[in-house]
Each structure stands twice: as structure tokens, then as C-alpha cells.
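> After the C-alpha cells below, expect a handful of questions from me.
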Amino acid sequence: MQRYFYLIVLLGWSLACFVIAKATAQEHGQHPPQDMSLHEKFYSTWFMPDQPDKSCCNKADCYPTIARFKNSQWWARRREDGEWLPIPWKKVEMNRDNPDGRSHVCAPPPSSSHPPKTVFCFSLGGGI
């Protein structure tokens with residue numbers, strides 16, 4: 001009887017972890033299939049606010065993110081490792097709205113050759 005109890009608890013815990021991981025992936029860093037063309041168009045025409053002749057990159061470096069405002073600064077969550085990146089004010093998009101009302105960031109993965117916590121571009125959900 002005790003063996004079945006532990007098996008049920010283990011299965012329940014595994015299912016809960018799967019559901020939480022799936023929900024987290026959908027809310028952060030993922031391009032919903034129905035929005036792919038919308039994001040591709042937005043990212044391909046997005047240029048750095050502080051360097052308007054340089055692209056923010058592409059859909060490989062740009063993605064929806066979770067953003068928060070703390071200590072007079074915006075922070076965005078990096079998709080690869082969940083680390084919070086400080087957003088330099090000069091990288092905040094002020095001249096156009098994002099395509100879907102979500103916050104977006106363009107940042108290289110932590111394994112890239114760029115300095116740690118590099119941010120190319122940031123757009124606050126709903127535009128600013």
C-alpha cells in the first residue's frame with residue numbers, strides 16, 4: 001500500500017513539473033506559432049534605438065520576455081537561463097509599438113562572445 005502511495009506522489013509531482021515548465025515556456029521566450037510571421041516582420045525591421053543604422057538582430061536573438069521595473073530601471077528575463085538583464089535606457093524602444101502587446105528583448109545567449117548581460121534592444125509590452 002505504501003509503495004502505491006509513493007508512486008502516486010511521484011507521478012503527481014512529475015505531472016506538476018511538466019505543466020509548470022510548459023506554462024513557463026509559453027509565457028517567456030517563445031514565439032507562439034500563430035504570431036511567427038508577425039514577430040519575423042517586427043524583428044527584421046527593428047533597429048537599435050541608440051544606433052539606428054544597426055539591426056537589433058533577428059528572431060534568433062529576439063523574443064518575448066518578462067519585464068519588471070526595479071530601482072529606476074527596466075529588467076528583462078533572458079530566455080536561456082532565466083537571468084534578469086538590466087536594460088540600458090538607450091536600448092529602450094520609444095518610437096514604435098511591439099507587435100503583440102508583450103515585452104520583447106533582443107539579447108545574445110550567455111554562451112556568446114558578447115559581454116555578459118548585453119542587450120541590443122528592448123520593447124515594453126504595449127509600447128511606451
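The values are calculated or read from the model by the stated rules, or taken from the named source; none is laboratory data. Source: prediction; values computed, not measured. Here the Cβ positions follow ideal geometry from the backbone for every residue, glycine too, while neighbour counts run over all protein chains shown.
> Could you tell me which residue of region 93-111 is surrounded by the most Cβ atoms within 10 Å (Cβ to Cβ), considering only residues that are polar (S, T, N, Q) and without any contact (Cβ under 8 Å) to a residue 40 or more places away in the chain?
So, considering only residues that are polar (S, T, N, Q) and without any contact (Cβ under 8 Å) to a residue 40 or more places away in the chain, the one surrounded by the most Cβ atoms within 10 Å (Cβ to Cβ) is 103.
> A follow-up question, please. Out of 70, 59, which single residue is among the basic types (Lys, Arg) and at pLDDT 90 or above?
70
> Can you name the residue in region 48-66 that is touching a residue at least 12 places away in the same chain (Cβ under 8 Å) and closer than 14 Å to residue 89 by Cα and is also surrounded by the fewest Cβ atoms within 10 Å (Cβ to Cβ) among such residues?
Filtering first and then ranking leaves 50.
> How many residues are among the hydrophobic types (A, V, I, L, M, F, W, C), assigned to a loop (DSSP other than H, G, I, E, B) and under 11 Å from the mean Cα position of the chain (by Cα) when one looks only at region 79-123?
1
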